[in-house]
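The values are calculated or read from the model by the stated rules, or taken from the named source; none is laboratory data. Here the structure is a predicted model, which is why all the values come from computation and not from measurement. Here the Cβ positions follow ideal geometry from the backbone for every residue, glycine too, while neighbour counts run over all protein chains shown.
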Amino acid sequence: MSARAYAVGGPILTRPFKVLLALFGLGGVLILFRFATGLGRITAMNDGYPWGLWIAFDVVTGTALACGGYSVALLVYVMNKGKYHPLVRPAVLTSALGYTLAGFGVALDIGRWWNIWRVPLFFWRWNLDSVLLEVALCITSYMFVLWIELSPAFLERAEQQTGVPWLARFAARTRPIVEKALLWIIALGILLPTMHQSSLGALMLIAGPRLHPLWNTGWLPLLFLMSCIAMGYAAVVFESTLSRLAFGRAPDLKVRPTSDTVPSTSDRAMLASLSQAMVPLGTGYVLLRLIDLAGRGQLPALFAFDFYSVMALLELALFMLAIGLLLRDSDRQKPGTLFKAAMLFMLAGSLYRFDTYLVAFQPGAHWSYFPSVTEILVTVGLIAGEILAYILIVKLFPILTLEKRDVAYHH
Amino acid sequence: MVSRRDFVRICTMAGAAVGLSAAAVSQIVEAAAKGLKPSVVWLHFQECTGCTESLLRTSHPGIADVILDLVSLDYHETLFAAAGHQAEAALQDTIKANAGKFICVVEGAIPTKDGGIYCQIGGRTAVDILNDVGSKAGAIIAIGSCASWGGIPSADPNPTGATGVPMILKGKPVVTLPGCPSNPYNFLGVALQYATLGTLPKLDDLGRPLFAYGRTIHEHCPRRAHFDAGRFAGKFGDEGHRLGYCLYKLGCKGPMTHANCSTLAFGEVVDCWPIGIGHPCVGCTEQAVAFRIPMHTTVPIDRPTPPDTYPPIHAPQGGISPVATAVAGVIGGAILGAGYVASRRIDEADRPSNADKG
Amino acid sequence: MAISRRTALRVALAGAAAAVAAPVKASAPIAAPADAVGLLYDTTKCIGCKACVSACRDANGLEPDTTWSEGRYHAPLDLSARAKTVIKLYDEGTQSSFMKAQCMHCLDPACANACMLGAFKKREFGIVTYDVDYCIGCRYCEVACPYGVPKFEWSKVAPKMVKCELCSHRLAQGRQPACTEVCPRQAVIFGKRTDLLREAHRRLAEQPAIYVQKVYGEHDGGGTQCLYISHVPFDKVGLPALGEESTPSLQRTIQHSIYKGFAAPVALYGLLGAVMLRNRRKEASA
């Protein structure tokens, strides 16, 4: 069985696609409202909580969940585990889409969005003390890097478009250039997320006394970095398993579990061994958090069982639960268990970020915030859009690596 | 005849009303004593004569006497004994004799529709009379809202095309003293200043003297403390009304009305003005308010200032919408549920084929 | 013997970890500029007349904040996009005090530290002013400020950040800030920070039984240019207990120690490139 990337093909406008399109459309309408009427109407953010769902989730958590490309690149290109190579393209696609969503989320959230081009261009105005500047520049460059990393997939398909000769020629000429430079681009694709994912942790340190002690530590950058790499692997497992479930069957077959939806042994083994990476990262995270809390005398606060303590304990519990599911090889061989563990890791890391940005941030007991319905719907719409883009690209371009027998079912 | 003491007192009051210094007041007294009385030509058009009456109602001492001692009232239809051709002749003689020096006081609006036929005196339309007399006057004072901008005759639908003096005598400096009626001391102050110093007081862009019309009633109302403390009369006759609370909720136009009724008594009787007797100000000086906005309709505050209350050190703000929480809960639950179902389906798919598929 | 790639990766990650980790001690406090000006607010003198609130709104051309008063009053509940200063009341039965809140014009402002393009920056006389052309409305300054001062125009389509700028437009004309000019009891006064500190300490020494023996803002949060003396504990009037270190200093120290001279990122990039080249060569020869 030879494995290489193929476009999945099949009909685009399936029922799930239409549902997602509707959600995306709704989000789009609300986004237009946001630009027409200002942030106050569409969101529930206020002067006590100037950052809300869109920053905490769309940007901070969204980019962490989009760390699949980063995590897999570390494995494949630095640790030279070539067997995971089939996972690279889908992971990079998810990352590219996730970071693009985050970039759009930023443009949506800032009040004077028309000034955003000044940030990368006006270098003489750069405030080098600002962590946010570093995050902004890194995320923007990383987004470009990801699409460039992904470009061979598009160029491959373009090369085959003999009907459009100039395109095919252009692609044929460009692809080798990109592939030669790919090593240095990938190195950038590892450096940049290392920088900004840790800085996303450092970002909230500026709140100083307004950040709850259970989260307020100088170790935030490292904690964010470790958790995001783990979340990257989790996202890869999540996305691989779901892709297999969604696309690993002929389009005209009814939806039912058949032997064709089972990952082949090589796939199953690949994901199983990949998921091992989450264990040391997760364990390191939990240990570091506990040691840090103990060192700062915050263990009593951790077990105070007030709202903050419960959230922090929940984070740790989710991480430990996830780690527990991955400790035994027999568990890792079960795709269902792997999927559950991946979801738990993603949940745990997301909760950690939510907590750092929204729960731990304490402007004073007289302020309260919860995202409004329209705020939530915009986020849902953006995520729907990301999934739509994923489905489209995966069906049209050679991203997923399918076994040859699967390809026989598709055109 | 008034005593010198009363005379000086009245000059002082009139001078103080216009903001003249003590030195200027003594100038007024001196000039009057010398008999240098400026000629005043008083024109009446579409008016109720209320402004004249208001001037005449002052009685401590009789202002009528003082007016006759301080100014030479050379033409006044209400007070004249003469009538008909005699009166007309007197008018023409006066304006010729005192051309460029006399004060032309106008009371009442001027109709402009259909050639201005709705007010004619001696066969001439008000517009013609005004243009004739006004062109020769040294100073023009429009007393009352009618002369200032049209007043009651100009209320919708304004069938006669009534309008004020500045709209007819465009380009000439016209002192307007709106009010219904206008406060007589405002008029006295302006007239005396012109008569003795030859100058007119500082005017705003509508020609209103700033000393009288520079502030809104709201800014110097005796009931302002009640407004700031949030104490209002809700209905005529209710507890708040009887306790003399702020009349804003009953439609007081004070916040939009420039005038000095609250600080300068009418007819020398304190509280002899709407708010003083418990009725909201109706904005009689303002063209945009009087006879346009219903009396008991509340108006916006032009320049709000802080109230008499204080926010706490930490005022509760923001909020948590229960609907949003529910929506978030549903979405969260759906994601977790879907994840669980998906993992079960993956497990199920795994079960029948434990054999190697590779 | 060549370094195994595993070792190389471990070294790289450890280096990165060490670099991002270390909760280091913050740097030395930042001194006040020589010409620093500011305010001194004395709670014992304030009568709560709110002339300063009106004057400030007027001088800054702000719309009245009538949200909570049915359009009748300029009655801000707190600093807002339409209120650069506000008078609050602390009342606990036996103890009460008025409190004037506005920007503290910190010596090491968290907002200026946060701002990517220096829209908020400490400029002339140490006043933290706002350059709207370089603001993207990200509100990181609002997250950063320990006093919760900068406010955002949530209801506007083209929103700005709003906070007291010590009437720098009036200072340029040789006038005082509007609030200090109208205060009928000189409860808030304007002057050079050094003079204000001296005056504050003089008052504390003169009436030790009345005043809390501390000038808030002398060292708090690294020091501020708007100083407070009070007859009630400072936390009761909403002034947080901040310690002597400025709030952005920890983040700044961590960030600078990682990125000093951009050496670490460049080194990491080089290391990654080297490792990946080696791997590729290994694949080619295998």
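Only one of these is buried (at least 16 other Cβ atoms within 10 Å of the Cβ), touching a strand residue (DSSP E or B) at 6+ places or on another chain (Cβ under 7 Å) and farther than 20 Å from A:Gly68 by Cβ: A:Arg210, A:Arg175. Name it.
A:Arg210
Quick check on this structure: which one of A:Thr241, A:Thr140 is of a type in the set (Val, Ile, Thr), without any contact (Cβ under 8 Å) to a residue 60 or more places away in the chain and in a helix (DSSP H, G or I)?
Checking each option against the conditions leaves just A:Thr140.
Name the residues in region B:76-98 that are part of a loop (DSSP other than H, G, I, E, B), over 32 Å from the mean Cα position of the chain (by Cα) and under 26 Å from B:Gly189 (Cα atoms), would you?
Selection gives B:Asn98 alone.
Could you tell me whether B:Pro280 is without any contact (Cβ under 8 Å) to a residue 24 or more places away in the chain, assigned to a loop (DSSP other than H, G, I, E, B) and under 30 Å from B:Trp149 (Cα atoms)?
For B:Pro280, the condition - without any contact (Cβ under 8 Å) to a residue 24 or more places away in the chain, assigned to a loop (DSSP other than H, G, I, E, B) and under 30 Å from B:Trp149 (Cα atoms) - is not met.
With respect to A:Ala342, is the statement that it is in a helix (DSSP H, G or I), crowded, with 20+ Cβ neighbours inside 10 Å, touching a Phe, Trp or Tyr at 6+ places or on another chain (Cβ under 6 Å) and on the phi < 0 side of the Ramachandran plot true?
yes
Inside region B:170-196, can you point out the residues that are outside any helix (DSSP H, G or I), more than 14 Å from B:Glu107 (Cα to Cα) and in contact with a strand residue (DSSP E or B) (Cβ under 8 Å, 6 or more places away or on another chain)?
If we filter region B:170-196 for residues that are outside any helix (DSSP H, G or I), which is where we start, we get B:170-183.
Remaining after also requiring more than 14 Å from B:Glu107 (Cα to Cα): B:170-173.
If the condition is that a residue be outside any helix (DSSP H, G or I), more than 14 Å from B:Glu107 (Cα to Cα) and in contact with a strand residue (DSSP E or B) (Cβ under 8 Å, 6 or more places away or on another chain), then B:Lys172, B:Pro173 are the ones that fit.
Would a scan of region C:248-262 turn up a residue that is modelled with pLDDT of 95 or more, on the phi < 0 side of the Ramachandran plot and assigned to a helix (DSSP H, G or I)?
No, because not a single residue in region C:248-262 is modelled with pLDDT of 95 or more, on the phi < 0 side of the Ramachandran plot and assigned to a helix (DSSP H, G or I).
Scan region C:206-228 for residues that are assigned to a loop (DSSP other than H, G, I, E, B) and among the β-branched types (Val, Ile, Thr) and jot them down.
C:Ile210, C:Val212, C:Val215
For the subset of region A:309-346 comprising residues that are within 13 Å of another protein chain (Cβ to nearest Cβ) and within 18 Å of A:Met226 (Cβ to Cβ), which member is nearest to the chain's Cα centre (by Cα)?
A:Met346
In region A:360-375, how many are of a type in the set (A, V, I, L, M) and crowded, with 20+ Cβ neighbours inside 10 Å?
1
For residues in region A:29-88 being within 27 Å of A:Tyr6 (Cα to Cα) and part of a loop (DSSP other than H, G, I, E, B), which is farthest from the other protein chains (Cβ to nearest Cβ)?
Result: A:Ala66.
Has region B:221-235 got any residue that is closer than 30 Å to B:Val174 by Cβ and in contact (Cβ under 8 Å) with a residue 40 or more places away in the chain?
Looking through region B:221-235, at least one residue is closer than 30 Å to B:Val174 by Cβ and in contact (Cβ under 8 Å) with a residue 40 or more places away in the chain.
Taking the criterion of being of a type in the set (S, T, N, Q), surrounded by fewer than 17 Cβ atoms within 10 Å (Cβ to Cβ) and away from chain A (no Cβ under 14 Å), would at least one residue in region B:322-332 satisfy it?
Pass one, region B:322-332, residues of a type in the set (S, T, N, Q): B:325.
From what's left, surrounded by fewer than 17 Cβ atoms within 10 Å (Cβ to Cβ): B:325.
From the residues that got through so far, the ones that are away from chain A (no Cβ under 14 Å) too are none.
No, region B:322-332 has no match at all.
Which of (1) surrounded by 22 or more Cβ atoms within 10 Å (Cβ to Cβ); (2) at pLDDT 90 or above; (3) over 26 Å from C:Arg278 (Cβ atoms); (4) not charged (D, E, K, R) does A:Ile186 not meet, given it meets every other one?
Here A:Ile186 meets the rest and fails (3).
Can you report the number of residues in region C:119-139 which are within 11 Å of another protein chain (Cβ to nearest Cβ) and buried (at least 20 other Cβ atoms within 10 Å of the Cβ)? Give the steps one after another, and end with the answer.
Taking region C:119-139 as the starting set, the residues that turn out to be within 11 Å of another protein chain (Cβ to nearest Cβ) are C:119-121, C:131-139.
Narrowing further to those that are buried (at least 20 other Cβ atoms within 10 Å of the Cβ): C:119-120, C:134-139.
Within region C:119-139, residues that are within 11 Å of another protein chain (Cβ to nearest Cβ) and buried (at least 20 other Cβ atoms within 10 Å of the Cβ) number 8.
This table checks each residue for (1) under 22 Å from A:Trp51 (Cβ atoms); (2) within 9 Å of chain A (Cβ to nearest Cβ); (3) touching a residue at least 60 places away in the same chain (Cβ under 8 Å).
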| residue | (1), (2), (3) |
| --- | --- |
| C:Gly93 | no, no, no |
| C:Lys100 | no, no, yes |
| C:Pro150 | yes, yes, no |
| C:Cys167 | no, no, yes |
| C:Pro177 | no, no, yes |
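Within region C:252-266, how many residues are of a type outside the set (Lys, Arg) and either in contact with a strand residue (DSSP E or B) (Cβ under 9 Å, 6 or more places away or on another chain) or without any contact (Cβ under 8 Å) to a residue 12 or more places away in the chain (or both)?
Summing the residues that are of a type outside the set (Lys, Arg) and either in contact with a strand residue (DSSP E or B) (Cβ under 9 Å, 6 or more places away or on another chain) or without any contact (Cβ under 8 Å) to a residue 12 or more places away in the chain (or both) in region C:252-266 gives 8.
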